[in-house]
Amino acid sequence: MEQLQTLPRLFDYDQMTLKKDNGNSLTGHDILSVDQFDRDALSYIFTRSQEMRELVERAGGCDLLKGYVLACLFYEPSTRTSASFIAAMERLGGGIIPITQGVQFSSVSKGESLPDTIRTLEQYADLIVLRHPEIGAAKLAADYAAVPIINAGDGAGEHPTQALLDLFTIRQELGHIDGLKVAMLGDLRYGRTVHSLTRLLMQYEDISLRFVSPDILRLPMALMNQLIDRGVKVRETHDVADVIEHADVLYVTRIQKERFADPKQYEEVKDCYEITTELMTRAKPNMIVMHPLPRVGEIHYRVDDDPRAAYFRQVRNGMYVRMALLAAVLGKA
Ligand code: CP
């Protein structure tokens, strides 16, 4: 694949040690937004992620991050993001403080503020992964923290590490990103994974984006205008049938009940899409279906048997990408 082989290898697999002069610019930095990543940084992370995959496949893990501790602080539910960060840290030999089963079991339930919680955890940990329901919470935490903060989702804002693993998955599956036709389906208004991935895709050449949603869940106008200003080919529709035949990637998202102020509005749109095996017969033979998960009915379970269903491979890639990110931020990659 383009670029992936052009960077020097990170690991000496015989010694399980790190090579010097690896060109990482993330050391000590927060990861708050995809806007921090230009194409060189993306290429760097993808190369490192591929190496992490090889490391896991060959040896299961190593001691690269031995002596480091990661705090996972989740104010919203999570399965994949929390578990993959924990798995990533453990496979690299580090320790974890998992506050992922609900902050109601922490002193947040006693009224502790986010800055105080962050300033407490940084006494124990070298890095904090934060998920929070409010847009901008990761930035606020970073303003107070002396250790790097990784944004694991801030409300309807961004989910940068998800977008990195999404893009890594597209490269792994299709071999390139330039020139692709990507259709995004579902909750495009509140869907932070869509917002982050869209912004990363803007950096690539000759990308076509098709947005499929009910009216009330259309992509935010500011993001749409950014795409148009950048010359990205965009189109909006309500009907997935309009895009299925030409898409290289179908990126499906859940209608997020928790983001609706009015439950009646959620009821009106909750079942508006379902990807079925019948619909898949109309798609290209090498199209891939992605989903950040969890799903709640928008992809039928029978589609899972289709080799084009990439969403569980996408889940696994999340661990490799997060291994690469942890190592990079801690100056070990
Ligand atoms: N994709 C994702 O963010 O999943 P979780 O909510 O389970 O972490």
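The values are calculated or read from the model by the stated rules, or taken from the named source; none is laboratory data. Note that the coordinates shown come from a computational prediction; the quantities given were computed from them, not determined experimentally. No Cβ is skipped: glycine too gets one built from the backbone with ideal geometry, and neighbour counts run over all protein chains shown. In case anyone asks, the SASA skips ligands and DNA or RNA and just uses the protein heavy atoms, side chains included. Shrake-Rupley method; radii C 1.70, N 1.55, O 1.52, S 1.80 Å.
If you take the residues of the stretch 275-285 that are within 21 Å of LEU174 (Cα to Cα) and assigned to a loop (DSSP other than H, G, I, E, B), which of them is least open to solvent (accessible area, probe 1.4 Å)?
Only one residue tops the list, namely ALA283.
Quick one: count up the residues across the stretch 239-258 that are touching a Lys or Arg at 6+ places or on another chain (Cβ under 8 Å) and buried (at least 16 other Cβ atoms within 10 Å of the Cβ).
Final tally of qualifying residues: 8.
Which number in (1) in a helix (DSSP H, G or I); (2) surrounded by fewer than 22 Cβ atoms within 10 Å (Cβ to Cβ) marks the one condition that CYS272 misses?
So CYS272 meets the others, but not (1).
I need a count of the residues in the stretch 99-144 that are away from the ligand (no atom under 16 Å from the Cβ), in a helix (DSSP H, G or I) and either surrounded by fewer than 21 Cβ atoms within 10 Å (Cβ to Cβ) or not polar (S, T, N, Q) (or both).
19
Restricting attention to the stretch 192-238, and to residues there that are among the polar types (S, T, N, Q) and surrounded by 22 or more Cβ atoms within 10 Å (Cβ to Cβ), which single residue is nearest to the ligand (Cβ to nearest atom)?
THR193
Working only within the stretch 51-77, note down all residues that are open to solvent by 30 Å² or more (accessible area, probe 1.4 Å) and part of a loop (DSSP other than H, G, I, E, B).
Selection gives ASP63, LYS66, GLY67, TYR68, TYR75, PRO77.
Tally up the residues in the stretch 285-308 that are within 16 Å of the ligand (Cβ to nearest atom) and either hydroxyl-bearing (Ser, Thr, Tyr) or closer than 25 Å to GLU54 by Cα (or both), please.
5
Run down VAL303, VAL296, VAL289, VAL315 and say which single residue is open to solvent by 10 Å² or more (accessible area, probe 1.4 Å) and either under 18 Å from MET184 (Cβ atoms) or basic (Lys, Arg) (or both).
VAL296
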